[in-house]
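Okay, structure first, notes after.
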Amino acid sequence: MSLFIQKCKNFKFQAPLPKKTIFFNALILIFILSLFFYFSFSVSAYHFDFVSLLEYKNKIIYGFFQTLSVSFLALVCSVILGLLVCFFSLSKIIILRFFATLYIELIRGTPLLVQVLLVFYIIANSLGFDDRYVVGIFILSMFSAAYLSEIFRAGILSVPIIQIESARALGLSERQIFLYIIFPQALKNILAPISGQLANLIKDSSLLSVIALNELTQSIQEVNSYIFATLEGYIVLAFAYLILTLPIAMFSRYLERKYQK
C-alpha cells in the first residue's frame, strides 16, 4: 500500500504523443468502434433514418443553445455561491461552518433528479413561480455550488501554511495575503477540477427535461414522439453532448499537464 502511495506521489504526466501516433491510434479506435456498431445493428436489421430529423433541425439547434446558456449561467452563479459557501466553511464562526457543512452534505447526499422534482414541483409551485428556465438555472447552481465550494476549499488549503505565516511575519495584511499568496496558487490548483465540474454541469442539465425545460434532451424527446426515430435521436443527442464536453475535457487535460511541469 505504501509503495502504491509513493508511486502516486511521484506520478508525472507523460509528454504529449506525436501527432502521427495520436492520429493512427484514433483511426484504429474509430475502425474498431465502427465494426462493433455495424455488426450490432446489422443483427437487429434496424434501418436508420437520420434524414427525418432534418425537418426538426431548428428545434434541436434551439435545444442545443438552450443547454449551453443554462449551463453557462448556472456555472457563473454556482461559482459565486460556491465561493460564499467556501468562505463559510473556513470561517471561525461556528454557525457559518455548520451551515456550510449542512448545505454541502445535503446537496451532495441526494440525487440531482430528486432535487429538481422537489424544487420545481413543490417549492417553486407553492410560491407560484413556474419559469422553468430560471428554476433550472437555480437548481443547477445550487447543486454545482456544493461541489465547487469543496474544490475552492481544497485549493485554498493546498497553500503551505508556512508561506502564510511568513507573509504575516513580513507585515502583510490578510487581504494582501489572500490576493498575492493564496489566490494565485489556489487558482492554479483548481482550474482543472473546475473544468471537469463544468463538463458535469452540462451533462447534468439533461435532467431538467423532467420539468419540461426546452433544453437539448427535452427537444430530442419531443422530436422522437413526432417521428418515432428514437435511436437516431439519441445518437444525435450523444454526439451533441460530446461536442459540448470534449473541448472542456481536452482543456482540462491541457491544464493538468501544464501545471504538473
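The values are calculated or read from the model by the stated rules, or taken from the named source; none is laboratory data. As the structure is a prediction and not an experimental result, all values here were calculated from the model. No Cβ is skipped: glycine too gets one built from the backbone with ideal geometry, and neighbour counts run over all protein chains shown.
Which condition breaks for ILE190 when tested against (1) touching a residue at least 60 places away in the same chain (Cβ under 8 Å); (2) in a helix (DSSP H, G or I)?
Only one criterion is unmet by ILE190, namely (1).
Identify, please: which residue in the range 228-261 is among the small types (Gly, Ala, Ser) and touching a residue at least 60 places away in the same chain (Cβ under 8 Å) and is, among those, surrounded by the most Cβ atoms within 10 Å (Cβ to Cβ)?
GLY233
Just wondering, is there one or more residues in the range 80-100 that are out of contact with any helix residue (DSSP H, G or I) (no Cβ under 6 Å at 6 or more places or on another chain), among the β-branched types (Val, Ile, Thr), in a helix (DSSP H, G or I) and under 22 Å from LEU187 (Cβ atoms)?
Checking the range 80-100: at least one residue is out of contact with any helix residue (DSSP H, G or I) (no Cβ under 6 Å at 6 or more places or on another chain), among the β-branched types (Val, Ile, Thr), in a helix (DSSP H, G or I) and under 22 Å from LEU187 (Cβ atoms).
Specify which of the listed residues (GLY136, GLY128) is at pLDDT 85 or above, more than 14 Å from the chain's Cα centre (by Cα) and outside any helix (DSSP H, G or I).
Matching residue, one of GLY136, GLY128: GLY128.
Keeping to the range 48-66, report how many residues are under 11 Å from GLU232 (Cα atoms) and among the acidic types (Asp, Glu).
1
Condition (residue is within 21 Å of ILE177 (Cβ to Cβ), of a type outside the set (Phe, Trp, Tyr) and not in a helix (DSSP H, G or I)) applied to the range 143-159: is it met by at least one residue?
Yes: one or more hits.
If you scan the range 208-227, which residues turn out to be farther than 29 Å from PHE120 by Cα and free of Cβ contacts under 8 Å to residues at least 12 places away in the same chain?
In the first step, residues of the range 208-227 are kept if they are farther than 29 Å from PHE120 by Cα; the result is 227.
Matches in the range 208-227: none.
Can you tell which of LEU170, LEU179, LEU127, LEU148 is surrounded by fewer than 19 Cβ atoms within 10 Å (Cβ to Cβ) and within 20 Å of VAL79 (Cβ to Cβ)?
Criteria check complete, one pass: LEU179.
Could you tell me whether ILE61 is within 21 Å of PHE178 (Cα to Cα) and hydrophobic (A, V, I, L, M, F, W, C)?
Taking the combined requirement at face value, the residue does not satisfy it.
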